[in-house]
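In what follows, a single structure is set out as structure tokens and then discussed.
The values are calculated or read from the model by the stated rules, or taken from the named source; none is laboratory data. Predicted, not measured: the structure shown is a model, and the values here were computed from it. Cβ sites come from the backbone with ideal geometry, for glycine too, and all protein chains shown count toward neighbours.
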């Protein structure tokens, strides 16, 4: 097993409201846009679209009016994350404020697009069948920031 590494999940209102999952790999934050956001329900599968990598130091705590740190902490990859990503399957355990326990990312190439992955919560002591986040869960874990769309009730 590798050493624990940093992760961050941003709630981001760009063109559309979505979540960005970012995992530290080789000094960068490898990133996926997750339209419906991560879940604690192991029965739910979430589309995760691979997007550009980001600088580690700049994006672990970055917040503004369109982006909040929805969750952050350390993650423990099951194996070296670089080669695991190259083969299209990464298992890892998160130790964040909201997300805890085992997860997996698997490349699917749905629709012929190699950027498409699936994010799943693995069944462990942190799994919650049927789990849904509430409006109270959408704020930053680092500050008192909320996205304007959340303040408006959208």
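Hey, could you check segment 115-154 for residues that are assigned to a loop (DSSP other than H, G, I, E, B) and at pLDDT below 90 and say which is farthest from residue 41 (Cα to Cα)?
Of segment 115-154, the ones assigned to a loop (DSSP other than H, G, I, E, B) are 115, 122-134, 138-147, 152-154.
From what is left, the residues that are at pLDDT below 90 are 152-154.
Numbers: 152: 27, 153: 24, 154: 23 Å.
So, considering only residues that are assigned to a loop (DSSP other than H, G, I, E, B) and at pLDDT below 90, the one farthest from residue 41 (Cα to Cα) is 152.
Filter segment 64-73 for residues that are more than 12 Å from the chain's Cα centre (by Cα) and surrounded by 14 or more Cβ atoms within 10 Å (Cβ to Cβ) and give the result.
Initially, segment 64-73 is screened for residues more than 12 Å from the chain's Cα centre (by Cα), giving 64-68.
The answer is 66, 67, 68.
Residues of segment 98-118 being in contact with a helix residue (DSSP H, G or I) (Cβ under 9 Å, 6 or more places away or on another chain) and more than 22 Å from residue 80 (Cα to Cα), which ones?
98
For segment 1-53, name all the residues that are assigned to a loop (DSSP other than H, G, I, E, B), farther than 20 Å from residue 141 by Cα and either modelled with pLDDT of 95 or more or touching a helix residue (DSSP H, G or I) at 6+ places or on another chain (Cβ under 8 Å) (or both).
2, 26, 27, 41, 42, 43, 44
So that you can scan it fast, the table gives a plain yes or no per residue for (1) touching a strand residue (DSSP E or B) at 6+ places or on another chain (Cβ under 6 Å); (2) within 19 Å of residue 36 (Cβ to Cβ); (3) surrounded by 11 or more Cβ atoms within 10 Å (Cβ to Cβ):
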position	(1), (2), (3)
89	yes, no, yes
99	yes, yes, yes
108	yes, yes, yes
112	no, no, no
117	yes, yes, yes
122	yes, yes, yes
145	yes, no, yes
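Of the residues in segment 31-58, how many are more than 20 Å from residue 101 (Cβ to Cβ) and buried (at least 17 other Cβ atoms within 10 Å of the Cβ)?
Step one: filter segment 31-58 for residues more than 20 Å from residue 101 (Cβ to Cβ), giving 31, 33, 35, 47, 49-58.
Next cut, buried (at least 17 other Cβ atoms within 10 Å of the Cβ) only: 31, 33, 50, 54, 56.
Within segment 31-58, residues that are more than 20 Å from residue 101 (Cβ to Cβ) and buried (at least 17 other Cβ atoms within 10 Å of the Cβ) number 5.
Looking at segment 101-114 only, could you name the residues that are under 16 Å from residue 47 (Cα atoms) and in a strand (DSSP E or B)? Step through it out loud before you land on a result.
Step one: filter segment 101-114 for residues under 16 Å from residue 47 (Cα atoms), giving 103-114.
Hits for segment 101-114 are 103, 104, 105, 106, 107.
Please go through (1) assigned to a loop (DSSP other than H, G, I, E, B); (2) closer than 20 Å to residue 14 by Cβ for residue 98 and return the number of the only condition it doesn't satisfy.
Residue 98 satisfies every listed condition except (2).
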